[in-house]
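All remarks here apply to the structure that follows.
The values are calculated or read from the model by the stated rules, or taken from the named source; none is laboratory data. The model shown is predicted, which means the values in this text are computed figures rather than measured ones. Quick note on the areas: whole protein, heavy atoms, side chains included, nothing else; ligands and nucleic acids left out. Shrake-Rupley method; radii C 1.70, N 1.55, O 1.52, S 1.80 Å.
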Amino acid sequence: MRYYIVTMLLWVGAVQAFAQQPRLKQVDEYLAATGQPVEVGKPLEKEYCLLSTLYKRDKSLMLNLPNLEDYGTREVIPFGFKLNQTSELELARQEGNKAESTVRSFYSQSMFSGVSYQFCDSVVYGITLYYDDQEGVKQNIHKNLLKHFKQADYMQGEATIYSDPDYAVKVLPGKVEFYSLFHFPTVETFYPGVSHKIWYGPYNYEVDGASVMLAFYNQESKENNIQSAFKVSYKYPVGKPFKMNLIRFILDDETIELPLEVEYTDVVDGGKSIEERDTRTFLFPEVLKAMDRSAEVGVELVGEGGRFLYKMPAFQRASVHTAYEYFRWNVTNPMAKYRAW
């Protein structure tokens, strides 16, 4: 009798652990089978600074621009500043909890003509500096950025991208975009029974007409069970079929290989490009930890039509760090997360 009771309790425990790990396909199939409507439109989303929610609410991280050796930029409001109702800043555009200010001039002498700010929940996460598009000014900007970042992540057309663990910067004709990777908004997407907290970051990795979006996130159920995952999309010129089926993360002392499945294929850029997307590949938190602590991370996308290899820039590594930090600060029962994967 004791044997049957123990066996029954084990089965109940296994079923409960499995039930707390909902998968989107299972949820959709259940709703369809029970005759309840399945949402086919765009899921509900909200954006906010995820990392700041992990720390004490009475403290906030203030982060200045990189030192550009320019008097005007010393007037720039730091990242993390919270806009209040008495501020002199005027908003040019506002959508939901995000906003952008008008362009303000500098009082001090500067190689920049003005500055504008981007806000999420009234907190500065993006700063854009404007300049006269002259070769001498642009060279001076790159010279100062190279002192801080040592080298650019990549150049695509007229854009140059720099990043480190704190900042992502894009130099364009006439303006320079700065983002704080700590304050950059996380997108939380809500599905039946689960939500995805996704850190996309400000940019994709682009080179030679190809583009890679790689974002890590956490799938969380209403029972507060958390699974880590990532999504990847690869855009390439029409006429060069790729069909990705594998991704490798090349770390200092190991290579992690994971299968991919192309869930969506779209024709984009007016028919000039093809985009392939894999929206959910689960991975264990130990993998995130190893990637976060590796000095360098190489990314290799493998497809039937070839392969694409690049060094993961800091603005994508921030996605790894954010997903791992959220998991380790919020997971309630780590062992339960490994069941039913």
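Summary table below
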item: Met291, Met111, reordered so the largest accessible area comes first (probe 1.4 Å); result: Met111, Met291
item: Karplus 3J(HN,Hα) series, Hz, for the range 284-298 with 6.51 cos²θ - 1.76 cosθ + 1.60 (x for Gly, Pro); result: 6, x, 4, 5, 4, 4, 5, 5, 5, 9, 6, 4, 9, 10, x
item: Tyr154 long-range amide H proximity, modeled H, under 5 Å; result: Ile161
item: Residue-level accessible surface for Thr160, protein heavy atoms, 1.4 Å, Å²; result: 10
item: Integer Hz, Karplus 6.51/-1.76/1.60 couplings in order for the range 88-103, x for Gly and Pro; result: 7, 5, 9, 8, 8, 8, 9, 9, x, 9, 10, 8, 9, 8, 6, 7
item: Under Karplus coefficients 6.51, -1.76 and 1.60, residue-wise ³J(HN,Hα) of the range 202-212 in Hz, glycine/proline x; result: x, 9, 9, 8, 10, 6, 6, x, 9, 9, 10
item: Length-normalised contact order for the range 248-341 - Cα pairs under 8 Å, 6+ apart - percent; result: 26
